[in-house]
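Here is the structure we will look at, set down as C-alpha cells.
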Amino acid sequence: MKVLGIESSCDETAAAVYDTEAGLRAHALFSQIDLHAAYGGVVPELASRDHVRRITPLVRQALAEAGLGFEDLDAVAYTAGPGLAGALMVGASVATGIALAHGLTPVPVHHMEAHLLAPMLEAEAPSFPFLALLVSGGHTLLVAVRALGEYELLGESLDDAVGEAFDKTAKMMGLPYPGGPHLAALAEQGTPGRFRLPRPMLDKPNLDFSFSGLKTAVITALPENASDADKADLAAEFQEAVVETLSVKCERALEQTGLETLVVAGGVGANRRLRSRLGEMVAGCGARLFYPRIEYCTDNAAMVAYAGAQRIGERAEHPLVVRARWPLSELRPPAVA
Ligand code: KG4
Ligand code: ZN
C-alpha cells in the first residue's frame, strides 16, 4: 500500500509518501518560521494562508521524489487534529480533494499518535508495549502504549507544555523565535547550578508535570543588567530543571508500569541534554531508549503517512471535520478493513 501523508497542523507544511512494503519513499517540508518570527509566535491566520500556498507544490514534490503518480496511491492520510483549526482545514481539504478526484481513501490521523509512532520509521524500531514521552510545543504527555491505539495516559502537564515553556522563557530572555532550540544552544554555553531553579512536581507522587512556574522563577532570577554569561548560566539551569523533571518522572513511570522501553517523540525530543540524561537514566535501570531521527521529532509528514498506513481501513465519516482539541486517549485500535 502506498500512502500520501499531509501535515498542516501548525507552522510546518509537509507531504510524504510511505509504502508499506518499501518504507518511506519521499518527504518534503516547508517551515513557516521566518513568516512568524516578526510576531514572536505563530499567527494562526497567516499559517493557514501559507499552508494554502505551499501544500500543492509539496505534494507534487513528494510524489516526484517517490517516482509515483496519484494513480499509484492507495490512500491519503492527513492530520485531522489536534492543532490550529484553520491550518488543519487546509490539509483536510486538500487530502479530501485528492481522494475524491483519484478514488482514494482519505485517512484522518491524530497528530500525537503520528509523533509517537515516528520512531517506527527507523530501521531499529521499538516494539509494543512501551512508555512514550511526548514533548512538543503543545503537549507534554506520558503514555503507556500497549499496542497501536491502546493508549493509557499516565501523566501530563497541568499548565504549559514543555516546548511552550522553552519558547516563553527564551522570549523573555530576548532570544529569537522559535525559542526552544536557541535557548538549548545558549544553555550549552552555560553552567547549571549557579542560579537555582525549582524542579516542579518532583515532590508529588503522581506523573503529572507543571512548567509555568519555572518561567516565573526565571524572570525573578534574571539579574537586571544580565551579562551574556548570566543568561547562559540561567538557560543551562532552566534546561537542567526541565530535563531532570522529565527524566525522574519517566524513571518512575517505567518502574510503576514495569515497561522496559522508553520512546521519546515530539519537537523537544531534539534536545541534546534531554537525550543524554535519558540515556543515562535508562542505562541505570536496564531499559531501552528509542527516538525518531531529529527531522522526524519536529512536525513532518513522514510520521503522518506512516500513522495513516496503520489505519488504512478506517474511512473518515466526515473527512472535512477537524478537531483543534482531540485527547489521545479517545483513540482505539485500528478497525480491521
Ligand atoms: O513537535 P513540534 O515540532 O511541534 C508541535 O507539535 O508542537 O515541537 C515544537 C516545539 C517548540 O516548542 C520548540 O521550541 C521545541 O519543540 N524544540 C526544542 C528543541 N527543538 C525544538 N526545545 C528544546 N530544545 C530543542 N533542541
Ligand atoms: Zn507536533
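The values are calculated or read from the model by the stated rules, or taken from the named source; none is laboratory data. Note that this is a predicted model, so its numbers are computed, not measured. We place every Cβ from the backbone using ideal geometry, glycine too, and count neighbours over all the protein chains shown.
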Quick check on residue 37: is it within 16 Å of ligand 2 (Cβ to nearest atom) and in contact (Cβ under 8 Å) with a residue 24 or more places away in the chain? no
What about residue 109, is it within 16 Å of ligand 2 (Cβ to nearest atom), farther than 20 Å from residue 48 by Cα and at pLDDT 95 or above? no
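Name the residue that is farthest from the chain's Cα centre (by Cα), counting only residues in segment 100-116 that are of a type in the set (A, V, I, L, M, F, W, C) and more than 16 Å from ligand 1 (Cβ to nearest atom).
Residues of segment 100-116 that are of a type in the set (A, V, I, L, M, F, W, C), as a first pass: 100-101, 104, 107, 109, 112, 114, 116.
Now drop any that are not more than 16 Å from ligand 1 (Cβ to nearest atom), which leaves 100-101, 104, 107.
Numbers: 100: 29, 101: 31, 104: 27, 107: 19 Å.
Filtering first and then ranking leaves 101.
How many residues are near ligand 1 (Cβ under 8 Å from one of its atoms) and either crowded, with 20+ Cβ neighbours inside 10 Å or over 19 Å from the mean Cα position of the chain (by Cα) (or both) if we restrict to segment 155-184?
Start the filter on segment 155-184 by keeping residues that are near ligand 1 (Cβ under 8 Å from one of its atoms), which leaves 161-164, 166-167, 170, 178-181, 183-184.
Of the ones still in play, those that are also either crowded, with 20+ Cβ neighbours inside 10 Å or over 19 Å from the mean Cα position of the chain (by Cα) (or both) are 161-164, 166-167, 170, 178-180, 183-184.
The number of residues fulfilling the criteria is 12.
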Would you confirm, using the coordinates I've provided, whether residue 175 is without any contact (Cβ under 8 Å) to a residue 12 or more places away in the chain and over 18 Å from residue 265 (Cβ atoms)? yes
Contact list please: Cβ distance under 7 Å, first residue in segment 290-313 and touching a residue at least 24 places away in the same chain (Cβ under 8 Å) and within 15 Å of ligand 2 (Cβ to nearest atom), second residue of a type in the set (S, T, N, Q) and not in a helix (DSSP H, G or I), pairs at least six apart or on different chains. 299/9; 304/79
Against the condition aliphatic (A, V, I, L, M), in contact with a helix residue (DSSP H, G or I) (Cβ under 6 Å, 6 or more places away or on another chain), more than 16 Å from ligand 2 (Cβ to nearest atom) and at pLDDT 95 or above, how does residue 158 come out, does it pass? no
Pull out all pairs, ordered by first then second residue, where Cβ-Cβ is under 9 Å, the residues are six or more apart or on different chains, the first lies in segment 126-140 and is more than 10 Å from ligand 1 (Cβ to nearest atom), and the second is aromatic (Phe, Trp, Tyr). 126/290; 130/290; 132/151; 140/209; 140/211
If a residue must be modelled with pLDDT under 95 and either surrounded by fewer than 18 Cβ atoms within 10 Å (Cβ to Cβ) or over 13 Å from residue 108 (Cβ atoms) (or both), how many such residues does segment 304-315 contain? 2
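Small (Gly, Ala, Ser), surrounded by fewer than 22 Cβ atoms within 10 Å (Cβ to Cβ) and closer than 24 Å to residue 209 by Cβ, is that true of residue 103?
On the way: small (Gly, Ala, Ser): yes; surrounded by fewer than 22 Cβ atoms within 10 Å (Cβ to Cβ): yes; closer than 24 Å to residue 209 by Cβ: no.
So residue 103 fails the test.
Taking segment 1-42 only, how many residues are β-branched (Val, Ile, Thr) and farther than 19 Å from residue 94 by Cβ?
Total satisfying the criteria: 3.
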Do we have any residue at all in segment 43-63 that's surrounded by fewer than 16 Cβ atoms within 10 Å (Cβ to Cβ), over 30 Å from residue 175 (Cβ atoms) and touching a residue at least 12 places away in the same chain (Cβ under 8 Å)? yes
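Confirm whether residue 166 is of a type in the set (Phe, Trp, Tyr), farther than 14 Å from residue 112 by Cβ and within 16 Å of ligand 2 (Cβ to nearest atom).
Working: of a type in the set (Phe, Trp, Tyr): yes; farther than 14 Å from residue 112 by Cβ: yes; within 16 Å of ligand 2 (Cβ to nearest atom): yes.
For residue 166, the condition - of a type in the set (Phe, Trp, Tyr), farther than 14 Å from residue 112 by Cβ and within 16 Å of ligand 2 (Cβ to nearest atom) - is met.
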Consider residue 137 against the criteria (1) modelled with pLDDT under 95; (2) farther than 17 Å from residue 8 by Cβ; (3) small (Gly, Ala, Ser): it satisfies all of them except one. Which criterion is unmet? (2)
With respect to residue 285, determine if the residue is exposed (fewer than 15 other Cβ atoms within 10 Å of the Cβ), of a type in the set (A, V, I, L, M, F, W, C) and in contact (Cβ under 8 Å) with a residue 12 or more places away in the chain. yes
